[in-house]
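Take a look at the structure set out below.
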Amino acid sequence: MPFGAEIGSGGVRFRLWAPAATSVDLEILADGAAAGDVGTTDRDGVRSLAMRAGDRGWFELVTASARAGSRYRFVIDGGDRVPDPASRYQPLGVHGPSEVVEPAEHVWSDVAYRPRPWHELVFYELHVGAFTPAGTYRAAIERFDDLVSLGVTALEVMPLAEAPGTRNWGYDGVFPYAPESAYGEPADFKAFVEAAHVRGLAVFVDVVYNHFGPEGNLLHRYAPQFFTDRHHTPWGSAIDFSAREVREFFIHNALYWAQEYGVDGLRLDAVHAIADDSQPPVLVELAERFARGGRATSDGRAYAVLENDANATHLLFAYAAQWDDDVHHALHVLATGERDGYYVDYCEAPARLLARALCEGFAYQGEPSPFRGGTLRGQPSHALPPASFVTFLQNHDQIGNRALGERIGALAERAAVRAAAAIVLLAPSPPLLFMGEEWAASTPFLFFCDFEPALAQRVRDGRRREFAAFAAFTDPAVRARIPDPGTPSTFERSKLDWAERDDPEHREMLGLYRDALRLRHDMVIPLLARERSAAEWSWDPQAPRAFRVRWTFDDTSLAVVAQLDGVAVAPAWLAEPERGSHLFAVRGDDGAADPGTIGPWTVQWTVDP
């Protein structure tokens with residue numbers, strides 16, 4: 001790793017890119033100093049050593065005064081004391097010193113592990129801090145067997161980069177190389193990955209390469225070249241990926257998670273917010289190098305998933321898949337009837353948009369988006385295989401970015417949730433579940449953070465202003481009841497209550513998820529290993545909330561027929577009899593719909609032959 005602290009035969013090599021600095025000193029907070037080091041020691045035992053200035057703003061020092069466990073920081077031009085931006089561990093948080101880590105100390109026992117083929121993955125998104133009462137890496141391991149029995153094959157962990165305070169979603173991280181210390185030490189996360197692999201679970205880590213968090217980021221003081229005024233993001237100045245050192249900082253971070261922690265893949269957050277006019281684009285180079293240095297799909301694409309609101313399919317020839325918001329948004333409108341915000345794009349014929357997205361990848365493939373003022377959104381996606389799109393009924397964004405953090409079970413009737421889940425769990429695209437979804441958890445997932453007081457107040461006030469445009473929150477008194485993200489109770493309310501699974505109502509939903517995922521592994525996944533030869537969808541404006549989609553793999557077809565409303569309908573396309581044998585079904589009534597109709601909240605899966 002070209003950045004940070006690296007243990008070698010001659011001691012520890014420290015490297016810092018500080019192009020705006022004239023001098024950089026290394027302070028080692030651990031006791032003692034090796035013979036031959038030239039430096040000073042203050043009354044508190046802090047060892048100060050001058051670093052050698054190199055080319056292009058690099059400063060470097062190799063010293064035997066440091067070892068694994070030594071805490072250190074850099075002194076910029078005799079003034080500011082800053083942690084290492086490539087720190088492997090921040091034991092005291094974003095404002096504390098960095099700690100030297102020896103990666104080779106961990107002896108891996110999962111050497112025989114090999115990740116499943118991409119089409120076999122069933123993702124489970126979790127937030128380490130809210131996943132269990134203890135909220136640690138090692139506590140999470142205790143629940144892995146539950147996920148295996150559910151049918152999950154891949155964990156997608158919300159961002160782990162060290163963020164301010166002890167509770168945060170992770171998207172405010174400022175130390176991309178340092179696993180969040182609130183959840184445990186680096187060795188604990190390695191144990192997390194190892195325990196997952198032993199059970200056949202792949203591990204994906206969510207990474208944020210579009211910005212640094214607002215508290216604890218000191219790069220502007222000594223490396224303002226990390227940023228550019230040519231572009232702007234929702235979080236301020238954009239990261240300048242045209243600078244080779246900046247580009248390498250993030251590409252090596254991707255490789256670091258794969259090579260040092262053994263993770264199987266990444267989920268790249270909001271790549272539509274990465275402003276980059278360099279050549280080749282950083283996302284292309286990152287994918288190429290990650291495919292060589294990390295895991296790769298069978299066709300050589302990076303084992304990585306994108307979040308990309310632009311629906312830009314050209315990146316999917318380098319990456320394994322993209323989160324498919326179109327499927328979620330259409331399902332959400334059908335289940336809840338909501339029309340606020342971006343859901344306005346899906347209010348007109350949501351079942352038609354859902355059918356197109358399930359069949360072709362995206363619902364918006366270059367059409368104007370009402371939510372975006374008529375701007376064209378998306379690129380054609382019909383030529384891409386279903387495995388290129390990760391679909392979901394819930395995720396952290398779609399729950400936690402709501403004012404009150406409600407899961408869909410608090411917004412829609414149970415029959416609607418069951419029908420929507422049955423579509424996601426058995427469709428050819430890899431499904432993603434959000435933690436607790438499988439038993440219809442009643443706990444919310446709220447937006448929470450732990451910033452310093454002034455910033456915490458700005459976040460609280462800004463969040464309440466944000467929702468003023470929504471019909472339900474026009475009243476200031478109602479907005480005042482939106483939970484304060486900085487209050488510890490907001491985080492505590494977001495923790496899963498695993499005891500709920502034993503309640504009959506929750507147990508029934510858990511049974512549906514287990515049954516559907518068992519059939520996915522037994523019947524659907526074998527089809528996905530074949531070549532897809534065709535896909536088609538049917539929709540009738542006279543029955544606007546019903547649709548049919550059929551995928552053909554070699555000579556076998558998988559089909560779904562759905563009516564996502566509380567009434568029975570007889571769409572014109574139903575005159576063509578459905579062929580094949582029954583695979584799975586959910587219904588919102590007693591199942592006694594009249595012949596030639598589809599009953600309310602019905603989803604029927606068939607396989608032919």
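Taking the chain as the reference, fit the longest principal axis to its C-alpha atoms, fit the long axis of helix 244-261 to the helix C-alpha atoms, and give the angle between the two in degrees, 0 to 90, nearest 10. Taking Cα atoms only, the helix is inclined about 70 degrees.
Descending by average beta-carbon neighbour count within 10 Å, the peptides 256-268, 376-388 line up as 256-268, 376-388, the highest first.
Neighbours of P117, meaning other residues whose beta-carbon lies under 13 angstrom from its beta-carbon, give a summed charge of +2 when Lys and Arg score +1 and Asp and Glu score -1.
Is any residue of the range 336-368 close enough, with backbone N under 16 Å, to a label point placed 7 angstrom from the Cα of T474 along the Cα-Cβ axis, and if so, which? Under cut-off, by backbone N: 339-341. Helix 504-519 and the longest principal axis of the C-alpha atoms of the chain enclose an angle of approximately 90°. Between L455 and Q259, the modelled label-to-label distance comes to 3.1 nm, taking each label 7 Å out from Cα in the direction of the beta carbon. Packing around the peptides 225-235, 96-106, 573-583, taken as the average count of other Cβ atoms within 10 Å per residue, puts them in this order, highest first: 96-106, 225-235, 573-583. For the range 266-305, the Kirkwood hydrodynamic radius from C-alpha pairs, put into Stokes-Einstein at 4 °C and a viscosity of 1.567 mPa s, yields a diffusion coefficient of 120 µm² per second. Ranked by the mean number of other Cβ atoms within 10 Å of their residues, highest first, the peptides 126-133, 497-504, 565-572, 353-360 fall in the order 353-360, 126-133, 565-572, 497-504.
Placing +1 on the Cβ of every Lys and Arg and -1 on the Cβ of every Asp and Glu, with no other charges, gives the chain a dipole of roughly 340 debye about its Cα centre. For the range 4-104, the Cβ-based charge dipole about the Cα centre amounts to some 120 debye (Lys, Arg positive; Asp, Glu negative; other atoms uncharged).
Just check the range 532-608 against the gyration tensor rule for me: Cα atoms, a ≥ b ≥ c as the square roots of the eigenvalues, rounded for a/c under 1.5, and otherwise prolate or oblate depending on whether a/b exceeds b/c. It comes out prolate by the Cα gyration axes.
Between R52 and E367, the C-beta separation translates, for a Förster distance of 45 Å, into a calculated FRET efficiency of about 0.20.
Using the rule -39500 (n - 2.57) for each DSSP H run of four or more residues, divided by the residues of the chain, the 222 nm mean residue ellipticity is -7000 deg cm²/dmol. Taking only the alpha carbons of the chain, we obtain Rg and Dmax values of 25.5, 90 Å in that order.
Charged side chains reduced to their Cβ positions (Lys and Arg at +1, Asp and Glu at -1) give the range 379-441 a dipole of some 80 debye around its Cα centre.
Applying a DSSP loop filter and a limit of 14 other Cβ atoms within 10 Å to the GluC sites (Glu not before Pro) in the range 361-443 leaves E413.
Scaled against the 2.2 N^0.38 Å expected of a compact globular protein of N residues, the Cα radius of gyration of the range 184-248 reads 1.56. Computed over the range 123-206, the convex hull of the alpha-carbon atoms projects to a mean area of 4.8 nm².
Treating the Cα atoms of the range 568-609 as identical point scatterers in vacuum, please give the log10 of the normalised Debye intensity I(q)/I(0) at q = 0.18, 0.20, 0.33, 0.35 Å⁻¹, two decimals. Scattering profile of the range 568-609, log10 relative to I(0): -0.53, -0.66, -1.20, -1.19. In the chain, taking the dipole from charged Cβ atoms about the Cα centre, the farthest positive-side position among L315, L121, W17 is held by W17. When DSSP beta bridges are restricted to pairs lying wholly in the range 103-226, around 20% turn out antiparallel. In the range 464-540, the ratio of gyration radius to Kirkwood radius, Rg to Rh, stands at 1.22 when only Cα atoms are counted. Ratio of Rg to Rh for the range 181-330: 0.97 [Cα atoms; Kirkwood radius as inverse mean 1/r over pairs]. Separation of the range 532-586 and the range 402-476, taken as the distance between their Cα centroids, equals 30 angstrom. In the chain, the longest principal axis of the Cα atoms and the axis of helix 325-336 are about 50 degrees apart.
Overall size of the range 285-409 from C-alpha positions, given as principal axis extents largest first: 45, 30, 24 Å. The T487 and L92 beta-carbon pair, evaluated with R₀ = 25 Å, returns a calculated FRET efficiency of approximately 0.65. Determine the shape class of the range 4-104: with a ≥ b ≥ c the square roots of the Cα gyration tensor eigenvalues, call it rounded for a/c under 1.5, and otherwise prolate if a/b is greater than b/c, oblate otherwise. Note, shape of the range 4-104 comes out rounded. Taking the charge dipole of the chain about its Cα centre, with +1 at Lys and Arg Cβ atoms and -1 at Asp and Glu Cβ atoms, the residue from G57, P133, A469 reaching farthest to the positive side is G57. Prolate is the label for the range 167-217, because a/c, from the alpha-carbon gyration tensor with a ≥ b ≥ c as root eigenvalues, is 1.5 or above and a/b exceeds b/c.
Our note on the geometry: Cα centres of the range 49-86 and the range 95-120, 26 Å apart. The distance linking the range 480-509 with the range 198-214 is 23 Å (Cα centroid to Cα centroid, whole angstrom).
Only the coordinates and a few stated rules stand behind these numbers; no lab work does. Because the structure is predicted, anything quoted here is derived from the model rather than measured. Positions of Cβ are backbone-derived with ideal geometry, glycine not excepted, and every protein chain shown enters the neighbour counts.
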